[in-house]
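Structure, as structure tokens:
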Amino acid sequence: MTCRCTERPFGACSASAGAFDIARRSVSLGGMETVMAKIRPRGRPLWRPWLLILAGLALCWVVFSLSFTAFKSAELTRAMARTRLYQAVLSEALDRFQHLPFVLAEDPALRAAVAGQPAGDLNARLAEYARRAGVDALYVMDRTGLTVAASNYDQPLTFLGQSYGFRPYFKAAMEGRQGEFFAIGATTARPGYFIAAGVPGPGGRGIQGVVALKIDLGALTGVWDTPGEKVFVANADGVIVLASDPALRYRTLAPLSPARRAAVDVARQFAGEPLAPLDWRPGRNSEVRLNGIRFLEVTTPLPRLGWSLYFLTDIAPIRQRALLTALAMAALLGGAYAGYLLIRARRVRQALRVSQADRVALRSINRRLEREIEERRRAERRLARTQSELDRASRLAALGRLAASVTHELGQPISAMRTYLTAEEIGAESGDRMLLARLGGLIARMENITRQLRFFATDGGTPAKPVEMKKVIEGALGLVRHDLDAAGITPQITTPEAPVIVTGDRLRLEQVLVNLLRNAQQALAETGATELKITLETEGDQAILSVRDRGAGFGARSIEELSEPFHTSRPSGEGMGLGLAISAAIMEDHGGTLRASSRAGGGARFDMILPLTEEAPK
Ligand code: ADP
């Protein structure tokens, strides 16, 4: 048997199986070439799952940061556009009435009124102007600040009779400048934007009073209220004067200094509002924290009064959008990784299938090999048995030749001795008869030995002729009957009606049966029993001739031991231990076997088993 192994990388599979190396091994077993595949993880895998997870998380973080920056910048652009819009609308609202007080100051009725002359229907006219212009109130004050005419003359909270001399816009107008001011109404308690101009007296010289208008900006801020956004306007002191969220109104972005606080109080600008500071913390990158919430902040100055417009956008939705983008990225990565794992698992399965198929092939080769080995062992056993049988046969043949020459050489001297002894006995005295009887005994013993030797000296050739087994029994009994009778043994013979025919040499088969009968006789002599049964029967295609006795038996010895040449339990001169050896050889020559077994209740049974033949005996 030759076994040759070569190992080389499994090129095609190692490329396709990803993280696995598949080594293919060609094996030549009993002349058949087969392949064994070995799968093992490739080196130390770099793509450890936790590394992949870390890399995935890092990537998601990068995606989150980038998308957050991008969304923020887009939101800033949008916020700036919205801020510009609010700024334009507010500026337009303030600018629209800039010149109205100046124009009204030219009215003679107003000039007369500030000079203390009767105003006539001025109140009604002012009310008509206010309604048409869409302003909150129009009113005229004399040089002390006392209101002498007002558009809301007929309303419960009229300005008429009220003095506004403390208002900065009044003071500015009296000084010839245009007065502008934002304040909560001292009379109405409603916030408004005041624009004022000085009114000359009837002669046109010197400023005798002030005409002012009040615009309600509340309507403007009403449209600012959009969810997620905060819009407010803070004045130069940082006080929020207009706001989309009423909670922010009249709060400050920073605490007011005591001096500014005093000025505000003097002007009664915020009608006793506490002006509490907000939790306002500007941060980096246009971010600000208002009451702990992060906002994007865009600020633009308003040209009038040093105001600033603040536009705040909630950052949370931006962060949510960035988070969603990162999650989508994570899902994408997870999907890609799952796909990779699926493909990898499929390839591993493929590789395993290849290896499995190889294993099955190898197993079948192994089985074939085992069968061959078993067959070889059986052949070897047969050879050894044949060898030992050959040895035994050749030993027996040599023994036969030796026996033939010894019986031949001793036969004549012994029979001569017997003749001389008989002649001597005739004329012998009674004293010599004893000696002669002893000599006769010795000669009988010598004859016994030569008879046994003659038994072995019989020619080994087996003529293949049909033999009737009953004849074999008759022939053998004819040879031993005398001895059996002398021992008081009467064999019980059982034979079938039909002839039992085998192929072989009748004399040699008789020789076997004679040996079995003599052995039985000797065994019976040891126990004193006399039961001897000879049975002939057929079983399938075999003839079985059994000899059963009630002798001492042969104990635990096997037929192989018993039929070993020179194996005997008889004393010297009575047995040579060759009978069963010769008998077994003769049975084998006939294609049969000799079987021995102990009988229940004591004794031995010997079976001559021979193949049956159909041919009639000649
Ligand atoms: P031998 O009879 O000369 O001893 P055999 O080969 O015929 O040689 O027998 C071998 C031995 O087998 C005997 O010595 C005896 O011990 C045993 N044997 C044979 N036949 C019987 C039998 N019928 N009963 C008991 N033992 C037997």
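Please go through the range 211-232 and give me each residue that is within 21 Å of ARG190 (Cα to Cα) and in contact (Cβ under 8 Å) with a residue 24 or more places away in the chain, ordered by number.
Those that are within 21 Å of ARG190 (Cα to Cα) and in contact (Cβ under 8 Å) with a residue 24 or more places away in the chain: VAL211, ALA212, LEU213, LYS214, ILE215, ASP216, LEU217, GLY218, LEU220, TRP224, VAL231, PHE232.
Tell me which residues, restricted to the range 244-268, are assigned to a loop (DSSP other than H, G, I, E, B) and of a type outside the set (S, T, N, Q).
Result: ASP245, ARG249, TYR250, ARG251, LEU253, ALA254, PRO255, LEU256, ARG268.
Scan the strands (runs of 3 or more DSSP E) fully inside the range 269-372 and keep the ones with 3 or more residues being among the β-branched types (Val, Ile, Thr).
Once the strands (runs of 3 or more DSSP E) in the range 269-372 are filtered for at least 3 residues that are among the β-branched types (Val, Ile, Thr), what remains is 293-301.
Among (1) part of a strand (DSSP E or B); (2) within 24 Å of LEU305 (Cβ to Cβ), which single condition is ALA130 missing?
All conditions pass for ALA130, except number (1).
Just the residues that are surrounded by 14 or more Cβ atoms within 10 Å (Cβ to Cβ), β-branched (Val, Ile, Thr) and away from the ligand (no atom under 16 Å from the Cβ), please, taken from the range 418-457.
Hit for the range 418-457 is ILE443, nothing else.
Could you pull out the residue among ARG570, ARG548, ARG605, ARG595 that is surrounded by fewer than 16 Cβ atoms within 10 Å (Cβ to Cβ) and more than 30 Å from ILE443 (Cβ to Cβ)?
ARG595
Return the only residue of ALA262, ALA254, ALA328 being under 24 Å from LYS72 (Cβ atoms), without any contact (Cβ under 8 Å) to a residue 60 or more places away in the chain and either loosely packed, with under 15 Cβ neighbours inside 10 Å or in contact with a His (Cβ under 8 Å, 6 or more places away or on another chain) (or both).
Answer to the check: ALA328.
Taking only the range 535-584 into account, find how many residues are assigned to a strand (DSSP E or B) and not basic (Lys, Arg).
Residues meeting the conditions: 12.
Within the range 268-285, can you find the residues that are on the phi > 0 side of the Ramachandran plot, surrounded by fewer than 18 Cβ atoms within 10 Å (Cβ to Cβ) and not charged (D, E, K, R)?
Hits for the range 268-285 are ALA271, GLY272, ASN285.
Looking at LEU516 and the list (1) touching a residue at least 12 places away in the same chain (Cβ under 8 Å); (2) within 13 Å of the ligand (Cβ to nearest atom); (3) part of a strand (DSSP E or B), which single condition is not satisfied?
Evaluating LEU516 over (1) touching a residue at least 12 places away in the same chain (Cβ under 8 Å); (2) within 13 Å of the ligand (Cβ to nearest atom); (3) part of a strand (DSSP E or B) leaves (3) as the failure.
Looking only at the range 175-193, count every residue that is of a type in the set (Val, Ile, Thr) and closer than 16 Å to ASN152 by Cβ and tell me the total.
2
Tell me which residues, restricted to the range 102-139, are out of contact with any Asp or Glu (no Cβ under 9 Å at 6 or more places or on another chain) and either closer than 13 Å to GLN208 by Cα or among the acidic types (Asp, Glu) (or both).
ALA105, GLU106, ASP107, PRO108, LEU110, ARG111, ALA112, GLN117, ASP121, GLU128
Determine, yes or no, whether SER65 is in a helix (DSSP H, G or I), modelled with pLDDT of 90 or more and either buried (at least 17 other Cβ atoms within 10 Å of the Cβ) or of a type in the set (S, T, N, Q) (or both).
Criteria met by SER65.
LEU220 - would you say it is part of a helix (DSSP H, G or I) and under 25 Å from ALA127 (Cβ atoms)?
Judged against the criteria, LEU220 is a match.
What number of residues in the range 162-184 are acidic (Asp, Glu) and at pLDDT 90 or above?
1
Identify the single condition in (1) of a type in the set (Val, Ile, Thr); (2) more than 8 Å from the ligand (Cβ to nearest atom); (3) crowded, with 18+ Cβ neighbours inside 10 Å that THR535 does not satisfy, given that it satisfies every other one.
Result: THR535 fails condition (3) only.
Just to be sure I understand, how many residues within the range 553-597 are of a type in the set (S, T, N, Q), within 9 Å of the ligand (Cβ to nearest atom) and in contact with a strand residue (DSSP E or B) (Cβ under 8 Å, 6 or more places away or on another chain)?
The total comes to 2.
Kindly list, by first and then second residue, each pair from a residue in the range 583-607 that is of a type in the set (S, T, N, Q) to a residue that is surrounded by 21 or more Cβ atoms within 10 Å (Cβ to Cβ) and in a loop (DSSP other than H, G, I, E, B), limited to pairs with Cβ atoms under 9 Å and residues at least 6 apart or on different chains.
SER583/SER563
Which of the residues belonging to the range 197-216 are in contact with a helix residue (DSSP H, G or I) (Cβ under 8 Å, 6 or more places away or on another chain) and crowded, with 24+ Cβ neighbours inside 10 Å?
ALA197, GLY198, VAL199, GLY209, VAL210, VAL211, ALA212, LEU213
What number of residues within the range 481-513 satisfy the criterion of being assigned to a helix (DSSP H, G or I), without any contact (Cβ under 8 Å) to a residue 60 or more places away in the chain and among the β-branched types (Val, Ile, Thr)?
Summing the residues that are assigned to a helix (DSSP H, G or I), without any contact (Cβ under 8 Å) to a residue 60 or more places away in the chain and among the β-branched types (Val, Ile, Thr) in the range 481-513 gives 0.
Suppose we filter ASP154, ASP216, ASP245 for residues that are of a type in the set (Asp, Glu), within 29 Å of TYR86 (Cα to Cα) and more than 60 Å from the chain's Cα centre (by Cα); which single one remains?
The unique qualifying residue is ASP216.
What is the number of the single condition among (1) surrounded by fewer than 20 Cβ atoms within 10 Å (Cβ to Cβ); (2) in contact with a Lys or Arg (Cβ under 8 Å, 6 or more places away or on another chain); (3) assigned to a helix (DSSP H, G or I) that GLY478 does not meet?
Single failed check for GLY478: (2).
In the range 185-209, which residue that is among the hydrophobic types (A, V, I, L, M, F, W, C) and modelled with pLDDT of 85 or more is nearest to the chain's Cα centre (by Cα)?
By that ranking, first place goes to PHE194.
From the residues in the range 519-531 that are polar (S, T, N, Q) and within 12 Å of the ligand (Cβ to nearest atom), which one is farthest from GLU474 (Cα to Cα)?
THR527
The values are calculated or read from the model by the stated rules, or taken from the named source; none is laboratory data. For clarity, every value in this text was computed on a predicted model and none was experimentally measured. As a convention, Cβ positions derive from the backbone with ideal geometry for all residues, glycine included, and neighbour counts pool all protein chains shown.
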